[in-house]
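The values are calculated or read from the model by the stated rules, or taken from the named source; none is laboratory data. Keep in mind the model is a prediction, meaning the values are calculated, not measured. Every residue, glycine among them, receives a Cβ derived from its backbone with ideal geometry; neighbour counts consider all protein chains shown. Protein only, heavy atoms only, side chains kept; ligands, DNA and RNA dropped before computing areas. Shrake-Rupley method; radii C 1.70, N 1.55, O 1.52, S 1.80 Å.
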Amino acid sequence: QLQLVESGGGLVQAGGSLRLSCAASGRVFSINAMGWYRQAPGETRELVATITDGGATSYADSVKGRFTISRDNAKNTVYLQMNSLKPEDTAVYYCNADAKTRSFSVRSTYWGQGTQVTVSS
């Protein structure tokens with residue numbers, strides 16, 4: 001099976017920065033798109049940023065110019081550099097990946113367990 005493990009969350013003051021990492025491990029044959037989502041208390045999960053295996057990126061309007069998504073395909077790892085953080089960025093951040101565990105398997109979407117990001121004002 002494939003597992004995604006996030007790290008890098010924490011508490012930061014408004015205007016500060018954090019870098020999240022998400023590494024895929026276990027049985028990994030290929031990974032296509034990877035992404036970051038977030039969910040604040042009482043809210044639905046929302047897309048933050050995505051990146052294809054070719055490096056094409058997209059961002060939610062709320063984070064454009066402040067967040068940068070990147071990936072290291074050799075390490076099966078995706079990153080989210082978050083700068084100029086605001087209190088409204090407070091949420092649990094989840095990574096996901098569209099991946100195949102074997103050459104003949106169906107591509108599926110996998111999720112990490114989430115990492116808390118708290119931005120104080």
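Within region 92-121, track down each residue that is touching a helix residue (DSSP H, G or I) at 6+ places or on another chain (Cβ under 6 Å) and loosely packed, with under 14 Cβ neighbours inside 10 Å. SER121, the sole residue that qualifies. Say whether the condition of being of a type outside the set (Asp, Glu) and touching a residue at least 40 places away in the same chain (Cβ under 8 Å) is met by at least one residue in region 60-73. Yes, some residue in region 60-73 is of a type outside the set (Asp, Glu) and touching a residue at least 40 places away in the same chain (Cβ under 8 Å). Scanning region 12-40 for residues that are over 17 Å from the mean Cα position of the chain (by Cα) and not in a loop (DSSP other than H, G, I, E, B) gives VAL12, GLN13, GLY26, SER30.
Just the residues that are within 12 Å of the chain's Cα centre (by Cα), closer than 17 Å to GLY9 by Cβ and surrounded by fewer than 22 Cβ atoms within 10 Å (Cβ to Cβ), please, taken from region 70-86. Residues satisfying the conditions are THR77, TYR79, GLN81. Show the residue pairs that are 6+ apart or on different chains and have beta-carbon atoms under 9 Å apart, the first residue being within region 12-25 and in contact (Cβ under 8 Å) with a residue 12 or more places away in the chain and loosely packed, with under 13 Cβ neighbours inside 10 Å, the second being hydrophobic (A, V, I, L, M, F, W, C) and not in a strand (DSSP E or B). Cβ pairs passing all conditions: GLN13/LEU85; GLY15/LEU85; SER17/LEU85. Of the numbered criteria (1) acidic (Asp, Glu); (2) open to solvent by 70 Å² or more (accessible area, probe 1.4 Å); (3) under 14 Å from GLY8 (Cβ atoms), the one ASP89 fails is (2).
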